[in-house]
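Colleague: Can you read through this structure? Questions will come right after.
The values are calculated or read from the model by the stated rules, or taken from the named source; none is laboratory data. Predicted model only: the values in this text are computed from it and were never measured. Neighbour counts run over all protein chains shown; Cβ positions are idealised from the backbone, glycine included. Heads up: the accessible areas ignore ligands, DNA and RNA and are worked out on the full protein's heavy atoms, side chains in. Shrake-Rupley method; radii C 1.70, N 1.55, O 1.52, S 1.80 Å.
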Amino acid sequence: MIKGKVENIKDKIDGNELDLSLSNLTEVPVKELAAFPKATFLDLSCNNLTTLTSDFCSLTHLIKIDLSKNQLVCLPEEIGQLCNLQHLDLYNNKLKMLPIGFSQLKSLKWLDLKDNPLEPTLAKAAGDCLDEKQCKQCASRVLQHMKVLQEEAEKEQERRLLKERELEKKKEAKQREKEAREREAQKKKKAEEKEKKRKEYQAQMAALAAQEQQKKKKEEKKKRAAQNQGKKKASESVPKAKRSICSLFFSLLLKLLLLLIVGVASVIAVCQLTDLRKEAFCVPLNVHFEETVRWAQGLEVVQQVIQKMSDLRS
């Protein structure tokens, strides 16, 4: 025997019993034990075992296990996997509690938990194991106790899960509210940016319209000025043309009048001063001329003219 291991397990088998007691073991040789599934009774008493590994629970062929007089402080949670286990001796260890999975040992008929520092409720459920009857009652009561603990643990787990789900829902609700606020803020920001761009666009359009209006006003002003200037020139040119025509007309009329006067005067002079005064066309003219002279004799200017003409005749 080497400390913690067994040299030859096959030599320790007697029928269906595998005796590894007093082997100074600190761990169970699970792989070696799995090679002998016919050994359904495993005696590990009086060793130095402090814990059992989870793979120990893979030895599902075991029906009876003796772990008395070791240093076990806990059992693996997977112990419920030992579905064929009927007899379990845990006498004189350092166990305070049993794992919740212990309630799954549905085939367990015999249990000894004496001389362990069990917590009070478990110790009360276990009771004494001084004879076969008490050890069977111990197994039954402990399984029932562990089932109650399992139900409470499941309820507690359910409450914890429910609380976690509620917290998760609240967290998700807060996250959704946060996302909604962020979306609303983003939407508001986009709306403000859009409104700002719209106002800038309207301002630009208004400025362009004002410029265009001002340009049109300037063009209209220039056009009116040009029209007024044209009208002024036209109005100035029309009077000038009218004045020029009138001046020309009056000048021509005056010339005609002067020419007429000169012609009449010449005819009168011819009829008065020449030998033609006795001609038929001159007689009426001379008569009218003499009547006009008599009429105008009272005028000083006319008298002077007549005097001059008399002087010319003489």
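Colleague: Quick one: is Asn47 among the polar types (S, T, N, Q), surrounded by 15 or more Cβ atoms within 10 Å (Cβ to Cβ) and under 20 Å from Ala139 (Cα atoms)?
Modeller: Values: among the polar types (S, T, N, Q): yes; surrounded by 15 or more Cβ atoms within 10 Å (Cβ to Cβ): yes; under 20 Å from Ala139 (Cα atoms): no.
When the stated conditions are applied, Asn47 does not pass them.
Colleague: Then there is this: Checking the structure you have, find out if any residue of region 111-132 is surrounded by fewer than 18 Cβ atoms within 10 Å (Cβ to Cβ), closer than 26 Å to Pro37 by Cα and either free of Cβ contacts under 8 Å to residues at least 12 places away in the same chain or in contact with a helix residue (DSSP H, G or I) (Cβ under 7 Å, 6 or more places away or on another chain) (or both).
Modeller: Of the residues in region 111-132, the ones surrounded by fewer than 18 Cβ atoms within 10 Å (Cβ to Cβ) are 115, 117, 119-121, 123-124, 127-128, 130-132.
Applying the additional criterion that residues be closer than 26 Å to Pro37 by Cα yields none.
No; the residues of region 111-132 include none that is surrounded by fewer than 18 Cβ atoms within 10 Å (Cβ to Cβ), closer than 26 Å to Pro37 by Cα and either free of Cβ contacts under 8 Å to residues at least 12 places away in the same chain or in contact with a helix residue (DSSP H, G or I) (Cβ under 7 Å, 6 or more places away or on another chain) (or both).
Colleague: Assess whether Asn92 counts as being touching a Ser or Thr at 6+ places or on another chain (Cβ under 8 Å), open to solvent by 30 Å² or more (accessible area, probe 1.4 Å) and either modelled with pLDDT of 95 or more or of a type in the set (Gly, Ala, Ser) (or both).
Modeller: Numbers: touching a Ser or Thr at 6+ places or on another chain (Cβ under 8 Å): yes; open to solvent by 30 Å² or more (accessible area, probe 1.4 Å): yes; either modelled with pLDDT of 95 or more or of a type in the set (Gly, Ala, Ser) (or both): yes.
So Asn92 fits the description; yes.
Colleague: Can you tell me which condition Asp14 does not meet? The list is (1) surrounded by fewer than 14 Cβ atoms within 10 Å (Cβ to Cβ); (2) within 22 Å of Val142 (Cα to Cα), and all the others hold.
Modeller: Of (1) surrounded by fewer than 14 Cβ atoms within 10 Å (Cβ to Cβ); (2) within 22 Å of Val142 (Cα to Cα), only one is false for Asp14: (2).
Colleague: Anything in region 64-85 that is among the polar types (S, T, N, Q) and crowded, with 17+ Cβ neighbours inside 10 Å? List them, or say none. If you could, list the steps in order and put the result at the bottom.
Modeller: Start the filter on region 64-85 by keeping residues that are among the polar types (S, T, N, Q), which leaves 68, 70-71, 81, 84.
Passing the criteria: Ser68, Asn70, Gln81.
Colleague: Next question. Does Arg141 meet the test of being without any contact (Cβ under 8 Å) to a residue 40 or more places away in the chain, within 30 Å of Lys106 (Cα to Cα) and either over 57 Å from the mean Cα position of the chain (by Cα) or outside any helix (DSSP H, G or I) (or both)? Walk me through how you get there before you give the answer.
Modeller: Details: without any contact (Cβ under 8 Å) to a residue 40 or more places away in the chain: yes; within 30 Å of Lys106 (Cα to Cα): yes; either over 57 Å from the mean Cα position of the chain (by Cα) or outside any helix (DSSP H, G or I) (or both): yes.
Yes, satisfied.
Colleague: Related question: Name the one entry in Ser58, Ser103 that is in the same structural domain as Gln144 (by the TED database), in contact (Cβ under 8 Å) with a residue 40 or more places away in the chain and not acidic (Asp, Glu).
Modeller: Values: Ser58 fails: in contact (Cβ under 8 Å) with a residue 40 or more places away in the chain.
From the options Ser58, Ser103, the qualifying one is Ser103.
Colleague: Could we say that Lys136 is more than 30 Å from Cys83 (Cα to Cα), assigned to a helix (DSSP H, G or I) and either open to solvent by less than 90 Å² (accessible area, probe 1.4 Å) or out of contact with any His (no Cβ under 9 Å at 6 or more places or on another chain) (or both) here?
Modeller: So Lys136 does not fit the description; no.
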